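> Below are the structure tokens for one structure; questions will follow.
The values are calculated or read from the model by the stated rules, or taken from the named source; none is laboratory data. Note that the coordinates shown come from a computational prediction; the quantities given were computed from them, not determined experimentally. As a convention, Cβ positions derive from the backbone with ideal geometry for all residues, glycine included, and neighbour counts pool all protein chains shown.
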Amino acid sequence: MYVLSLFDHSIKLEMVLQELEAHAITKEALFATPLQLLDNKKYIDPYNSESLNLFFVVFIGMLGMLLGAIYGFVLYLGPILWALIGLITGSGIGLLVDIFLMNKHKSPKKLGADVVLIVKCNETNVKLVEDIVVNHRALAITRV
Amino acid sequence: MPGAGHLMIGKIDKGFFLFIWEFLFNTQANINTAIVYSCTGRFELAKATLDTRWFFLYIGVYVFTFWDAYRLATEMNNFARLSQKDHIPLAHFKLSVIDINYLLKVNKWIPVLWSAVVPGLGHIYLRHYMVGGILFSCFVMTTYQSRLLDGIYFTVLGDFGQATHLLDMEWLLYMPSLYCFSIYDSHYRAIELNKMYEAEQAHFLKNTYTSSQLHLF
């Protein structure tokens, strides 16, 4: 009998493995392997191109903040408020450009799981194994 | 901010010296003050403010910083590709006399929030103590010299004239780059830490838990 489950990469995963081994399930009865996500081939993606490009947004925001602080010295409200206005305006412009104008590589819906864990067990301890797996934030579970 | 690019790619010593250099030369040559005067159309004042003895020294190193950061980033990318292929193991836990350090997944928006309050705190949360310490001390020095808190106090009270009068334009112009650099750098460091954690755990699982002789069917 096998208990199959899906996990995120997290410290809980290592804890469930240790817990199972503490309950007399040998390493030979455990099989855990990371799932290779097909849209995750690109290792170096410094701009996080699939989601929000914070570098771009903050950079435009910084330019706005700088101009706000500079012209704040001669405008009525003073540098502090104009810097804040510049920051908000700049970040807003950056956000709008990032959302509407950047051609984003639309990745398929992200798979919620990173690791598949298979535990070999027998009729007597299958309930125990399932309890341990469920209590360590497994994303999905089934038995075959 | 010269040096920020070096801090981003882990060249912390060089980035730190470039930060010191930037603060020293910029304040001695009064470059930020000259920028404010130039942008607001007071060109004669701008010319009079710049100290040419320091200003011309500034230019060469400023251009060097761009070139050097670009070159280093290109080289680092090559090393990253090579090390990914070789699966160089990462130390995931380190216990020492003064600290306990370990890889762990973090929420990438928490450092953004802390950096927006005080630059450097986001990095300290991520246990990047060197970068966090540098940014934090730069922020404290700049806040004191620019009289930022006085400025905020009088702005909140509505006395904008007094706030403008008190604020030091030479030092206040560091604030946008300090804040915004801390925000996005801590964000990307959190993302990279998560990637490192996943790579390390995947490596560990492959080594430890895929050797069993399971016959499913």
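> Could you check how many residues of segment B:78-99 are part of a helix (DSSP H, G or I) and in contact with a Phe, Trp or Tyr (Cβ under 9 Å, 6 or more places away or on another chain)? Working first, answer last.
From segment B:78-99, those part of a helix (DSSP H, G or I) are B:78-86; that's our starting set.
Still in the list and also in contact with a Phe, Trp or Tyr (Cβ under 9 Å, 6 or more places away or on another chain): B:80-81, B:84.
Number of matching residues: 3.
> Answer with yes or no whether B:Lys94 is in contact (Cβ under 8 Å) with a residue 60 or more places away in the chain, outside the structural domain of B:Gly3 (by TED's automatic domain parsing) and of a type in the set (D, E, K, R).
Numbers: in contact (Cβ under 8 Å) with a residue 60 or more places away in the chain: no; outside the structural domain of B:Gly3 (by TED's automatic domain parsing): yes; of a type in the set (D, E, K, R): yes.
No, not satisfied.
> Here's a check for you: in segment A:1-31, which residue that is of a type in the set (S, T, N, Q) and part of a loop (DSSP other than H, G, I, E, B) is surrounded by the most Cβ atoms within 10 Å (Cβ to Cβ)?
Taking the candidates together, the pick is A:Ser10.
> Still on this structure, I have one more. Are there helices (runs of 4 or more DSSP H) fully within segment B:1-75 with at least 2 residues that are farther than 30 Å from B:Arg189 by Cβ, aliphatic (A, V, I, L, M) and more than 20 Å from the chain's Cα centre (by Cα)? List them.
Passing ranges, in order: B:31-39, B:43-49.
> Within the group B:Leu167, B:Leu172, which residue is over 16 Å from the mean Cα position of the chain (by Cα), more than 30 Å from A:Leu117 (Cβ to Cβ) and either without any contact (Cβ under 8 Å) to a residue 24 or more places away in the chain or in the same structural domain as B:Val36 (by TED's automatic domain parsing) (or both)?
Answer to the check: B:Leu167.
> Let me ask another. Scan segment A:112-127 for residues that are of a type outside the set (Gly, Ala, Ser) and either surrounded by 16 or more Cβ atoms within 10 Å (Cβ to Cβ) or closer than 24 Å to B:Tyr197 by Cα (or both) and jot them down. If you could, list the steps in order and put the result at the bottom.
Filtering segment A:112-127 for residues of a type outside the set (Gly, Ala, Ser) gives A:114-127.
Within segment A:112-127, A:Asp114, A:Val115, A:Val116, A:Leu117, A:Ile118, A:Val119, A:Lys120, A:Cys121, A:Asn125 meet the criteria.
Residue-wise test of (1) crowded, with 16+ Cβ neighbours inside 10 Å; (2) at pLDDT 85 or above; (3) over 30 Å from B:Leu205 (Cα atoms).
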residue	(1), (2), (3)
A:Thr33	no, yes, no
A:Asp45	no, no, no
A:Ser49	no, no, no
A:Val57	yes, yes, yes
A:Ile60	yes, yes, yes
A:Leu87	yes, yes, yes
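> Hey, another quick one. Would you mind finding the one in B:Val36, B:Val112, B:Val106 that is surrounded by 15 or more Cβ atoms within 10 Å (Cβ to Cβ), in contact (Cβ under 8 Å) with a residue 24 or more places away in the chain, closer than 30 Å to A:Glu14 by Cα and out of contact with any Ser or Thr (no Cβ under 7 Å at 6 or more places or on another chain)?
One residue alone meets the criteria, B:Val106.
> Given the structure, is A:Leu63 in contact with a His (Cβ under 6 Å, 6 or more places away or on another chain) and of a type outside the set (Phe, Trp, Tyr)?
Against the criterion (in contact with a His (Cβ under 6 Å, 6 or more places away or on another chain) and of a type outside the set (Phe, Trp, Tyr)), A:Leu63 does not qualify.
> With (1) assigned by TED's automatic domain parsing to the domain that holds B:Arg189; (2) of a type outside the set (S, T, N, Q); (3) surrounded by fewer than 14 Cβ atoms within 10 Å (Cβ to Cβ) as the list, and B:Met130 as the residue in question, which single condition is left unmet?
So B:Met130 meets the others, but not (3).
> Consider segment A:13-37. How many of its residues are more than 10 Å from every other protein chain (Cβ to nearest Cβ) and under 16 Å from the mean Cα position of the chain (by Cα)?
Of the residues in that region, 1 qualify.
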